[in-house]
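Heads up: the structure comes next, in C-alpha cells.
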Amino acid sequence: MLQVDEIREIIEMVDKSSLTEFSYEANGAVIAMKKNTGSVTTTVQTQPQTAAEPQAQAVQEAVPATSAQPEAQAEETSQAQADYDYEIVSPMVGTFYTSSSPEGEPFVTKGSTVGTDTVVCIVEAMKLFNEIEAETNGEIVEVLVENGELVEYGQPLFRVKKK
C-alpha cells in the first residue's frame, strides 16, 4: 500500500504537470486523479484481498490550485485583504519550523518587520532544511501555521501588510 507521503508526492507532480488525468495501480491500491476547475482530486482505493473480504477504503484529498478560486472564496479573500497585502506560501510539501533549533527564537512573529531576503521559517522536506524568505517588505500580521506542522505546496504560511 502506498504511504501518505508517496501519495502527496504524486499529487504534487500531477498538479505541476500539464496532465489532466492520471491513474496508477500498485500492490492492490489504485490512485486515480483528474484535474477539475483549478484543483486536483485524488481517489485512493484499496482492492479487497479476497472475495470474502469486500472491504474497500477510499480517501479523497483536494489540492487547491493557485490559479483559480470559486467565487465565494474570492469574496472572502477580498474582504480579508483589508488586513494584509501579501501571503508567504510554502514552496513545497514538508514540515514547518519557526526557528533553526527547537530551543531557538522564532525567525519572525506577529508584528515582525521583514525585508525581501528575511528568513521567515524553515520547511523540512526529505531531511533537507529549506529556508523560506519573505520575498516582500512589510510587517507580519498573521502566522497561519504552528511549529512542527505539516504543510502542503502553495499553503499560506504568513500574511504580510506591505510597507
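A few comments on the model shown:
- Expressed in units of 2.2 N^0.38 Å, where N is the residue count, the Cα radius of gyration of the range 84-162 is 0.98.
- Highest mean first, the peptides 140-147, 105-112, 125-132 sorted by other C-beta atoms within 10 Å per residue fall in the order 140-147, 105-112, 125-132.
- Label-to-label distance, nm, for residues given as Glu131 and Lys163 (7 Å Cα→Cβ offset): 2.0
Bear in mind that the values in this text are calculations on the coordinates, not laboratory data. None of these values were measured; they are calculated from a predicted model. Ideal geometry is used to build each Cβ from the backbone, glycine not excepted, and the neighbour counts take in all protein chains shown.
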